[in-house]
1. Which residue out of 134, 121 is closer than 28 Å to residue 37 by Cα, surrounded by fewer than 17 Cβ atoms within 10 Å (Cβ to Cβ) and modelled with pLDDT of 80 or more?
2. Could you pull out the residue among 67, 44, 76, 18 that is in contact with a helix residue (DSSP H, G or I) (Cβ under 9 Å, 6 or more places away or on another chain), closer than 19 Å to residue 134 by Cα, assigned to a helix (DSSP H, G or I) and in contact (Cβ under 8 Å) with a residue 40 or more places away in the chain?
3. Have a look at 148, 141 and point out the one that is in contact with a helix residue (DSSP H, G or I) (Cβ under 7 Å, 6 or more places away or on another chain) and closer than 21 Å to residue 26 by Cβ.
4. Could you run through segment 79-92 and say how many residues are modelled with pLDDT of 85 or more and assigned to a loop (DSSP other than H, G, I, E, B)?
5. Looking at segment 91-98, can you tell me whether even one residue there is within 20 Å of residue 14 (Cα to Cα), touching a residue at least 60 places away in the same chain (Cβ under 8 Å) and out of contact with any helix residue (DSSP H, G or I) (no Cβ under 7 Å at 6 or more places or on another chain)?
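The values are calculated or read from the model by the stated rules, or taken from the named source; none is laboratory data. Note that the structure is predicted; figures quoted are calculated from it, not measured. Counting neighbours? That spans all protein chains shown, and the Cβs are built from the backbone with ideal geometry, glycine included.
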């Protein structure tokens, strides 16, 4: 088991909250009554000709959240936020030290990932794939700007929870240290 860091806790909490928000949204729009995820994903793969949304290759496909379900991107588990993706393309890239300092270490957006996989934005291949993904977002009614709205709520809730957790951890840490002596 790896180290449990504040970042790990924050992303675990964010995923939980995003899953709950996704369920609420699906229920409010009545999509929960008709969305059979397995059947829907099979249909989605056919929409993409059983090929990866990014590289357009026929490989085994998995669900990819366009906006990742983490504290950084705040994507919902929702039909409009999912595309079929091969394992190679699903390994979302991160910005490195040569990129904009504000982006350093952050995950690529789905558009940046697509640009990377297509070798740039100038290719017709990029435009075709981008249009297909955008059409899927619209067709599956992903709520516009929902991630921005949710992000501040999640950040506040998570920070508050981490602060509370740290209060409980200090006495426990002291007891553990004393028991080791």
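1. 134
2. Just a single option satisfies the conditions, and that option is 44.
3. Numbers: 148 fails: in contact with a helix residue (DSSP H, G or I) (Cβ under 7 Å, 6 or more places away or on another chain).
From the options 148, 141, the qualifying one is 141.
4. Here is the first cut: in segment 79-92, the ones modelled with pLDDT of 85 or more are 79-91.
Restricting the remaining residues to those that are assigned to a loop (DSSP other than H, G, I, E, B) gives 86, 91.
So the answer is 2.
5. no
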